[in-house]
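Encoded as structure tokens, the structure appears first; notes follow it.
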Amino acid sequence: MITLYGIKNCDSVKKARKWLLENNLDYQFHDFRSDGISEDLIKSFIAFESWEKLLNKRSTSWKQLETEDKEHITEEKVIALMLATPTLIKRPVLVAEHHFFIGFNSTNYQTLL
């Protein structure tokens, strides 16, 4: 079972979804905005990959945060920020059995899947 997490209007998510369809791979799409996000889900991502790699510091959402929110970052603080603002999560997140990948790269997808 493949699950792709993200936001449907994100360009990287669109590319990943297109790649999965073109390669005839069945997947479930979980939109952070419409399907929600939980602390347990974020923690499951962090179990695969560090929160530092999951946090999208290039996002507009990150740039719009108050300075005090960006300082002294801890895992606990990042989880709270991601719950409040899911666009802080680097997208897409692909989970397939024992595979986990952040971002879209067709070569990596081909290797993983």
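So the values come out like this:
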| quantity | calculated |
| --- | --- |
| Between 0 and 90°, nearest 10: helix 11-22 axis offset from the chain longest Cα axis | 20 degrees |
| Sum of -39500 (n - 2.57) over DSSP H runs of 4+, divided by residues of the chain (222 nm, nearest 500) | -12000 deg cm²/dmol |
| Computed over the chain: relative contact order in percent, which uses C-alpha pairs under 8 Å that are six or more apart | 37 percent |
| Computed E for residue 110/residue 34 - FRET, C-beta separation, R0 30 angstrom, nearest 0.05 | 0.55 |
| Spin-label zone in region 38-55 - amide nitrogen under 17 Å from a point set 7 Å from the Cα of residue 85 along the C-beta vector | 52-55 |
| Antiparallel DSSP beta bridges within the chain, as percent of all bridges there, nearest 5 | 70 percent |
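Taken together, the values in this text are just the output of simple stated rules run on the coordinates, not laboratory data. Model, not experiment: these values are computed from the prediction. Positions of Cβ are backbone-derived with ideal geometry, glycine not excepted, and every protein chain shown enters the neighbour counts.
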